[in-house]
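Everything on this sheet refers to the single structure shown next.
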């Protein structure tokens, strides 16, 4: 018989994760919600709940390469924590339009629909080889360039590309994997 701990992804391998905002609402085009995600990830790294290997936030989603014990539980808590804090930010008068847009896409059947920020489906893909890890990092770091936010991945603020280029980024990441 396996324990609950054995059923979920192990911390030994990083996982590629994508979190998408309801209705592709462009909340991360504003600095304050984007910085909130960075702050939460930094706190979780400091408390050793997650190890972050790479990330990028673009207007309507963020992608992450991370590991942690009982990762599905950590993901649920991360989504809940960031949703609560970001929705508080969006309640301000100058961002109320984004909050109204989110509410249009919320599931009316959910009992906590007033607090829904993220789409239900998550991408959770194990990185079982160095080649796969490198390919996902390149994919994550090229996303802001493909969207036209920067001409070079290291010029985009909310990405770990800076860390991998030996420059300080807004969130320290583990580059020695």
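The values are calculated or read from the model by the stated rules, or taken from the named source; none is laboratory data. Nothing here was measured: the structure is a model prediction, and the numbers come from that model. So basically every Cβ, Gly included, is an ideal-geometry build from the backbone, and we count neighbours across all protein chains shown.
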For this session: Inspect all residues belonging to the stretch 28-36 and state whether any of them is in a helix (DSSP H, G or I), surrounded by 14 or more Cβ atoms within 10 Å (Cβ to Cβ), touching a residue at least 12 places away in the same chain (Cβ under 8 Å) and in contact with a strand residue (DSSP E or B) (Cβ under 6 Å, 6 or more places away or on another chain).
Result: yes
Exercise. Out of the stretch 123-149, which residues are surrounded by 15 or more Cβ atoms within 10 Å (Cβ to Cβ) and within 28 Å of residue 90 (Cβ to Cβ)?
Worked result: 140, 141, 143, 144, 145, 149
Problem set entry | Residue in the stretch 7-15 that is modelled with pLDDT of 90 or more, within 20 Å of residue 160 (Cβ to Cβ) and not in a helix (DSSP H, G or I) present | yes
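Take the residues in the stretch 62-73 that are outside any loop (DSSP other than H, G, I, E, B) and surrounded by fewer than 20 Cβ atoms within 10 Å (Cβ to Cβ), then tell me which one is modelled with the lowest pLDDT.
Kept after step one, since they are outside any loop (DSSP other than H, G, I, E, B), are these residues of the stretch 62-73: 62-67, 71-73.
Adding the requirement that they be surrounded by fewer than 20 Cβ atoms within 10 Å (Cβ to Cβ) leaves 72-73.
Details: 72: 83, 73: 87.
Checked the stretch 62-73; the qualifying residue modelled with the lowest pLDDT is 72.
If I filter the stretch 115-129 for residues that are over 30 Å from residue 175 (Cβ atoms), without any contact (Cβ under 8 Å) to a residue 60 or more places away in the chain and touching a helix residue (DSSP H, G or I) at 6+ places or on another chain (Cβ under 8 Å), do I get at least one hit? So that I can check it myself, show each step before the final result.
Step one: filter the stretch 115-129 for residues over 30 Å from residue 175 (Cβ atoms), giving 115-116, 120.
Still in the running and without any contact (Cβ under 8 Å) to a residue 60 or more places away in the chain: 115, 120.
Cutting the leftovers down to touching a helix residue (DSSP H, G or I) at 6+ places or on another chain (Cβ under 8 Å) gives us 115.
Scanning the stretch 115-129 turns up at least one residue that is over 30 Å from residue 175 (Cβ atoms), without any contact (Cβ under 8 Å) to a residue 60 or more places away in the chain and touching a helix residue (DSSP H, G or I) at 6+ places or on another chain (Cβ under 8 Å).
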Exercise. Here are some residues: 87, 95, 171, 117. Which one is surrounded by 14 or more Cβ atoms within 10 Å (Cβ to Cβ) and over 20 Å from the mean Cα position of the chain (by Cα)?
Worked result: 95
For this session: Filter the stretch 42-56 for residues that are part of a loop (DSSP other than H, G, I, E, B), more than 22 Å from residue 139 (Cα to Cα) and touching a helix residue (DSSP H, G or I) at 6+ places or on another chain (Cβ under 8 Å) and give the result.
Result: 49
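Is it fair to say residue 78 is surrounded by 14 or more Cβ atoms within 10 Å (Cβ to Cβ), at pLDDT below 95 and farther than 18 Å from residue 13 by Cα? Explain how you work it out, then say what you get.
Numbers: surrounded by 14 or more Cβ atoms within 10 Å (Cβ to Cβ): yes; at pLDDT below 95: yes; farther than 18 Å from residue 13 by Cα: yes.
In short, yes.
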